[in-house]
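Shown next, in structure tokens, is the structure this report addresses.
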Amino acid sequence: MMIMAGRQQNPRIVMVRYGELFLKSDPVKYHFIGILLRNIRRALEAAGHSCTFESPRGRIFVAGKKPEEIAAIISRVFGIVDVSICTRVDSTPEALRDAAVSLALSRLHPPCRFAVRAKRQSKTGMNSQQLGEYVGSAIYDAIPGLSVDLSDPEYELFVEVRDCGGLVYDARIPAPGGLPWGSQGKVLGLLSSGIDSPVASWLAMKRGCEVSHLHMDGGRWAGGDVRETAIENHRRLSLWCPGADLQMIIADTEPFYDRMQELRIPARLRCVLCKRFMLRAAGSLCGREGARAILTGENLGQVASQTLANLAVISDATPVPVLRPLITYDKAETVTLARKIETFVEKQGDLACRAVPRMPATAATSLAVKECETTLGIDELLDTVLSRVRYVTARNGKIL
């Protein structure tokens with residue numbers, strides 16, 4: 001692929017690796033890499049970094065004044081597997097050896113088990129094993145008391161010979177992987193104050209979806225901390241699309257709950273009716289927002305409304321596709337991921353739903369639910385709710 005901009009003189013650069021993008025056909029790959037470069041550039045510009053870019057085969061190189069800060073920002077960009085801060089030198093064995101010894105002297109102290117991992121893009125000259133042995137021997141001689149351990153080293157140093165030069169580094173900063181944000185189109189995610197829906201949103205973002213959020217605000221039917229916690233979830237998720245605006249729609253659904261109470265709708269059907277109403281609202285907003293699918297945090301069998309029978313009835317409320325990334329997750333798996341992506345909060349406050357019945361239906365019938373919706377005047381209620389929405393925008397972890 002073409003060089004995006006000229007090199008800077010500073011030999012310390014940030015090397016970006018992407019994963020499954022490399023497996024795509026050339027037209028698709030180059031398209032995705034273009035989106036990835038846009039996302040990286042936008043993230044860095046939002047943080048005030050002026051950088052230059054190169055995109056040789058299989059890598060992206062970013063050069064700027066503060067490589068540690070640049071690497072930290074890029075490590076939160078979807079589509080990237082990992083990031084390394086490298087010293088770039090000539091591709092000769094001698095230049096690689098000298099840079100590797102210099103780096104090792106600043107990091108290694110005996111006794112320590114170390115290994116050198118070498119990789120060559122070119123097939124001329126030393127092969128990878130010979131290059132690794134050559135560099136490793138120089139480090140071993142320069143720092144007495146070390147031991148070589150290729151199976152379980154305490155310290156690893158990497159050298160690469162590529163068409164664009166030689167690279168030396170000793171750390172690979174994990175990144176989320178997946179596909180570039182925005183490469184798969186836009187979805188509208190139902191975002192609550194709970195643990196599941198932010199994780200579902202993050203997983204969709206990881207697979208390239210540009211996510212907007214919809215929060216159904218229950219008003220007095222919801223706990224006192226529900227609305228602000230949902231907004232906080234939205235804010236935290238904006239850290240994973242740095243430089244981009246993350247939109248959230250808040251709909252006032254108090255009239256829906258009020259009418260269920262006024263008309264004495266059977267309590268056992270409330271949860272299914274509520275979920276269907278949320279999907280109706282989201283489906284109506286998808287056209288307005290340009291979204292191609294609805295995203296939820298539902299998980300099979302986790303609560304009464306999420307039995308297979310009820311999910312079938314709930315999904316029937318909208319013709320828009322419904323994505324459920326967490327459908328097979330155990331709760332512990334979801335919590336672990338929520339902690340990892342920093343959307344989990346230990347003290348969650350008052351997040352109760354005051355409309356939940358004591359004995360919700362686990363297998364509501366479509367006929368019974370639709371009869372209740374006719375009684376409620378569901379279309380009129382939907383129009384009322386969608387006429388009372390407001391927008392919240394988050395960017396880089398801040399509510400604008």
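Name the helices (runs of 4 or more DSSP H) wholly within the stretch 204-302 that hold at least 2 residues that are closer than 30 Å to G79 by Cβ, of a type in the set (A, V, I, L, M) and touching a residue at least 40 places away in the same chain (Cβ under 8 Å)? Please lay out each step first, then the result.
On the way: elements: 226-237, 254-262, 270-289.
In the stretch 204-302, 226-237, 270-289 are the helices (runs of 4 or more DSSP H) which contain 2 or more residues that are closer than 30 Å to G79 by Cβ, of a type in the set (A, V, I, L, M) and touching a residue at least 40 places away in the same chain (Cβ under 8 Å).
Restricting the stretch 65-114 to residues that are of a type in the set (G, A, S) and surrounded by 19 or more Cβ atoms within 10 Å (Cβ to Cβ), which is nearest to D149 (Cα to Cα)? Steps first, answer last, please.
Looking only at the stretch 65-114, we keep the residues that are of a type in the set (G, A, S), and these are 71-72, 75, 79, 84, 91, 95, 99-100, 102, 104, 106.
Next, from what is left, pick out any that are surrounded by 19 or more Cβ atoms within 10 Å (Cβ to Cβ): 71, 79, 84, 91, 99-100, 104.
Values: A71: 28, G79: 32, S84: 22, S91: 25, A99: 21, A100: 17, A104: 15 Å.
Only one residue fits best here, namely A104.
So which of V81, V77, V14 is out of contact with any helix residue (DSSP H, G or I) (no Cβ under 7 Å at 6 or more places or on another chain), closer than 20 Å to I173 by Cα and at pLDDT 95 or above? So that I can check it myself, show each step before the final result.
Working: V77 fails: out of contact with any helix residue (DSSP H, G or I) (no Cβ under 7 Å at 6 or more places or on another chain); V14 fails: out of contact with any helix residue (DSSP H, G or I) (no Cβ under 7 Å at 6 or more places or on another chain).
The unique qualifying residue is V81.
When the residues of the stretch 120-144 are narrowed to those that are within 18 Å of D90 (Cβ to Cβ), of a type in the set (A, V, I, L, M, F, W, C) and at pLDDT 90 or above, which ends up surrounded by the most Cβ atoms within 10 Å (Cβ to Cβ)?
Applying the filter and picking the extreme gives V135.
If only one of I250, I265 is over 28 Å from L44 (Cα atoms) and touching a His at 6+ places or on another chain (Cβ under 7 Å), which one is it? It would help to see each step written out before you state the result.
Details: I265 fails: touching a His at 6+ places or on another chain (Cβ under 7 Å).
Step by step, each of I250, I265 is checked, and only I250 is over 28 Å from L44 (Cα atoms) and touching a His at 6+ places or on another chain (Cβ under 7 Å).
Can we say V159 is assigned to a strand (DSSP E or B) and crowded, with 19+ Cβ neighbours inside 10 Å? Spell out the reasoning first.
Working: assigned to a strand (DSSP E or B): yes; crowded, with 19+ Cβ neighbours inside 10 Å: yes.
The answer is yes for V159.
So which of R38, R97 is modelled with pLDDT of 95 or more, over 22 Å from R120 (Cα atoms) and of a type in the set (D, E, K, R)?
Numbers: R97 fails: over 22 Å from R120 (Cα atoms).
The match here is R38.
For the stretch 184-202, what are the residues that are in contact with a Phe, Trp or Tyr (Cβ under 7 Å, 6 or more places away or on another chain) and buried (at least 23 other Cβ atoms within 10 Å of the Cβ)?
Of the residues in the stretch 184-202, the ones in contact with a Phe, Trp or Tyr (Cβ under 7 Å, 6 or more places away or on another chain) are 195, 202.
Within the stretch 184-202, W202 is the sole residue that qualifies.
Return the only residue of E54, E69 being outside the structural domain of P242 (by TED's automatic domain parsing), touching a residue at least 40 places away in the same chain (Cβ under 8 Å) and among the acidic types (D, E).
E54
Here's a check for you: in the stretch 247-286, which residue that is in contact with a Cys (Cβ under 9 Å, 6 or more places away or on another chain) and aromatic (F, W, Y) is surrounded by the fewest Cβ atoms within 10 Å (Cβ to Cβ)?
Ranking the qualifying residues of the stretch 247-286, first place goes to Y257.
Within the stretch 219-235, can you find the residues that are small (G, A, S) and buried (at least 20 other Cβ atoms within 10 Å of the Cβ)? Steps first, please.
Looking only at the stretch 219-235, we keep the residues that are small (G, A, S), and these are 219, 222-224, 230.
Answer for the stretch 219-235, where residues must be small (G, A, S) and buried (at least 20 other Cβ atoms within 10 Å of the Cβ): A222, A230.
Report yes if E298 is under 30 Å from L179 (Cβ atoms), of a type outside the set (A, V, I, L, M, F, W, C) and modelled with pLDDT under 95, otherwise no. I'd like the intermediate steps shown before the answer.
Numbers: under 30 Å from L179 (Cβ atoms): yes; of a type outside the set (A, V, I, L, M, F, W, C): yes; modelled with pLDDT under 95: no.
Judged against the criteria, E298 is not a match.
Whether any residue in the stretch 50-61 is over 24 Å from the mean Cα position of the chain (by Cα) and of a type in the set (V, I, T) is what I want to check.
yes
The values are calculated or read from the model by the stated rules, or taken from the named source; none is laboratory data. These numbers were taken from a predicted model, which means no experiment stands behind them. Neighbour counts run over all protein chains shown; Cβ positions are idealised from the backbone, glycine included.
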